[in-house]
Each structure stands twice: as structure tokens, then as C-alpha cells.
Amino acid sequence: MMNKKRFPFPIPFGWYHVAFEDELRNGEIRPLRYFGRDLVMWRSDSGELHLQDAYCPHLGANFGVLGKVIGENIQCPFHHWQFDGDGNVAEIPYAKRKNTSACVRTYPIQIKYGLVIAWYHPNGDAPSFEVSDVPQFEDPAFVTPIVTRHEISTCLQEMGENTADSAHFVSVHQHPGPAEYDRFEFDGPRIIMESRQTFPSSGGPIEGYLNSSNTGFGWAVVDYKTLVQVCMLTTNVPIDEEHVVQYFHVSYRNPERDEKIDRMGAAFNKEVNRQLTDDIPMWENKIYRPQPNLCDGDGPIAKYRKWARQFYVETLEEI
């Protein structure tokens, strides 16, 4: 039995999907566990959302257990210190002056298509890039996305490498042939990929196109063109170094709300989720090979790894 960790990676920095906008009412607090840290998300009485570390800097009480929202502040359950949405001390009920050195780590968040996405950087650095838009989610011709959640015992690097792994579409997902990459380019924090694939279907193999744009490890927009035009947003968030939550948000173009297209869209959603569940046993039981014995036909895995290094603050000798 190996005692070392399966993966050499710390949590990469970037934007991650931590909640849905409609999950919290005004005045509500919700404990979360992401980035290897205990967090709280809370909504002020005026409706502003905030994401902060869970533990009070005074004596360490957990805001998520018996804490309260007081107006625009969050109140510690222990000594009733209050902190504002920026993490600064707003009130100490028994002290004559504020302790200005005490503050709660606060994470930048934004709302995009009803999703709360948060910026994580291990050193607390400000956001250095933005995620891409999803025009299809603003187009009334596309249906409301079908959302599916998966929690997986792996790391973001392993999941991301599937983008560049051509051969596994045949061996794992039973595609009639491997992916053919027409474009696989890097633009700072983004990967732009255009590929041709033969997809399995109940009616036999279907030729189609798969074009994707990844922004960091947490946000990927994928366009499929087969029998129906599909847009899938994939969002990720690391729970810790070896556990990830991934959401598929699958929409498809159906301006007339044709029932036949609805059935095809539902079948496509079922298929992409089936393929993900095919991947899960691989991810949850494999180790990372820093120097893999790659061969012709494996796909641009080495290029992907070179791109991925930019999101790790620590120097990694094994990637």
C-alpha cells in the first residue's frame, strides 16, 4: 500500500461555483466546505451575498453554528462581535473601541446565470481573470438548463485532463472512434478546443462537433452539434485536494418547444451524465503519473499539463 497522496497538487486558484443564487434568503447563513476550508455564505437583510471563512478571528467560534445576520453584518455566536461584508469589525458590544486588526477572510463573488461563483487564491490575491459568457443561456431559443450534481473523489487536474485525452472516448465511453482535434489552443487562462467526434446513439453512430472554451479549472462552456444543438456549462469547485463537486448545466436549442427535440435533449443530458459516471471509477481509483508513457493517439495531454501549471502558486516538481 502506498502512503503518499494520490496527487501532488494543491488547490489551484480561480473562479468556482459555490452555490445557486436562490439558495439563501435574506438574513440566512449557510455553512460550506470548499477549498479545504470551512466557510459561511450569508445574505444580509438588504439581500447582499457574502462568502467568508467560518471562524471568528476573536476566539475561533463558528459563524455557521448559531451565528446571526444583524442588518448588514454577521454576528459571532460566542461574544457577539459583528463583522461587515468585507470582513471588518463592525461592532464589539462590550468594548469601547473596535479591534481594527481583527478581520474575517472574505472571498470575491459574483452572480452569473443564477450561479454564485467565488474567487479562490491561496494567498488571497485579487481576481486575475474573468470567466467567459454563455450567450446561449441568454437566448430564449434555448431551454432552461437541466442541472445535475456529481461529487467525486479526485482532483481538478485529473478531471481536466479528460479534455485532452482523445483515446479514452473509445475505451471508456464506447465512442465509435477517437476525438479528432482541429484546434487546441491556449489564451492565458483559457483553452479553446474544436474537435470532431463520432457519438453513440440509440439510432447508431452520429457524426458531430464538440467545441469548448475552458476558463481555469472551474468553468467550461461546451457546444455540441449533432442531431440537436446543445450548450453545456460545466462548473466545478474543489472541496479539498482530493474531492470535487461538478455540475452539468445542459441546455439545447428548441425555439418552438418541439416535443421531439425535448426528448432528444433529455436523451443527450442522460448520455453526458452516463459518460461522466463512466469516468468516476477511473478518477477515484487512479494515481497521477508525472511522467506518463504517452503514445501516438493519446491526444494533447502534455500541452494541457503545461497550461495547467499557471494555476498553482506552489512550485510543483512532479507535474
Could you list all residues from the range 178-194 that are out of contact with any Asp or Glu (no Cβ under 6 Å at 6 or more places or on another chain) and either assigned to a strand (DSSP E or B) or at pLDDT below 75 (or both)?
P178, A179, E180, Y181, F184, E185, F186, D187, R190, I191, M193
Among the residues of the range 268-293, count how many are over 18 Å from I152 (Cβ atoms) and either loosely packed, with under 14 Cβ neighbours inside 10 Å or in contact with an Asp or Glu (Cβ under 9 Å, 6 or more places away or on another chain) (or both).
6
Lone qualifier among G27, G64, G36 - being under 18 Å from G124 (Cα atoms), surrounded by 14 or more Cβ atoms within 10 Å (Cβ to Cβ) and assigned by TED's automatic domain parsing to the domain that holds C103:
G36
Of (1) part of a loop (DSSP other than H, G, I, E, B); (2) in the same structural domain as V89 (by TED's automatic domain parsing); (3) under 18 Å from the mean Cα position of the chain (by Cα), L51 satisfies every one except (1)
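Does D86 count as part of a loop (DSSP other than H, G, I, E, B), within 29 Å of Y312 (Cβ to Cβ) and either in contact with a strand residue (DSSP E or B) (Cβ under 6 Å, 6 or more places away or on another chain) or outside the structural domain of N214 (by TED's automatic domain parsing) (or both)?
Numbers: part of a loop (DSSP other than H, G, I, E, B): yes; within 29 Å of Y312 (Cβ to Cβ): yes; either in contact with a strand residue (DSSP E or B) (Cβ under 6 Å, 6 or more places away or on another chain) or outside the structural domain of N214 (by TED's automatic domain parsing) (or both): yes.
In short, yes.
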Identify, please: which residue in the range 195-244 is touching a Gly at 6+ places or on another chain (Cβ under 6 Å) and modelled with pLDDT of 95 or more and is, among those, surrounded by the most Cβ atoms within 10 Å (Cβ to Cβ)?
G218
Do we have any residue at all in the range 26-34 that's in contact (Cβ under 8 Å) with a residue 60 or more places away in the chain and over 30 Å from W283 (Cα atoms)?
no
Among the candidates Y288, Y247, Y304, which residue alone is modelled with pLDDT of 95 or more and either touching a Pro at 6+ places or on another chain (Cβ under 8 Å) or of a type outside the set (K, R) (or both)?
Y247
Specify the residue that is surrounded by the fewest Cβ atoms within 10 Å (Cβ to Cβ); the eligible residues are those in the range 294-305 that are in contact (Cβ under 8 Å) with a residue 60 or more places away in the chain and of a type outside the set (A, V, I, L, M, F, W, C).
G297
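What residue, of V143, V116, V104, is in contact (Cβ under 8 Å) with a residue 12 or more places away in the chain and not assigned by TED's automatic domain parsing to the domain that holds E28?
Working: V116 fails: not assigned by TED's automatic domain parsing to the domain that holds E28; V104 fails: not assigned by TED's automatic domain parsing to the domain that holds E28.
Unique residue meeting the criteria: V143.
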I'd like the full set of residues that are at pLDDT 95 or above and assigned to a loop (DSSP other than H, G, I, E, B), limited to the range 95-110.
V104, R105, P108
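Quick one: which residue in W15, W42 is outside any loop (DSSP other than H, G, I, E, B) and farther than 19 Å from Q246 by Cβ?
Values: W15 fails: farther than 19 Å from Q246 by Cβ.
Only one candidate passes the filter, namely W42.
Taking the stated definitions as given, is I109 assigned by TED's automatic domain parsing to the domain that holds N269 and surrounded by 15 or more Cβ atoms within 10 Å (Cβ to Cβ)?
Numbers: assigned by TED's automatic domain parsing to the domain that holds N269: no; surrounded by 15 or more Cβ atoms within 10 Å (Cβ to Cβ): yes.
Judged against the criteria, I109 is not a match.
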Could you list all residues from the range 70-81 that are surrounded by fewer than 20 Cβ atoms within 10 Å (Cβ to Cβ) and either in contact with a strand residue (DSSP E or B) (Cβ under 7 Å, 6 or more places away or on another chain) or within 14 Å of L39 (Cα to Cα) (or both)?
I70
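For the range 256-265, does any single residue satisfy the condition of being within 21 Å of the chain's Cα centre (by Cα) and either assigned to a helix (DSSP H, G or I) or among the aromatic types (F, W, Y) (or both)? Don't jump to the end; show me each part of the working.
Step one: list which residues in the range 256-265 are within 21 Å of the chain's Cα centre (by Cα), which gives none.
Within the range 256-265, none of the residues are within 21 Å of the chain's Cα centre (by Cα) and either assigned to a helix (DSSP H, G or I) or among the aromatic types (F, W, Y) (or both).
The values are calculated or read from the model by the stated rules, or taken from the named source; none is laboratory data. Model, not experiment: these values are computed from the prediction. Neighbour counts are summed over all protein chains in view; Cβ atoms, including those assigned to glycine, are modelled from backbone coordinates with ideal geometry.
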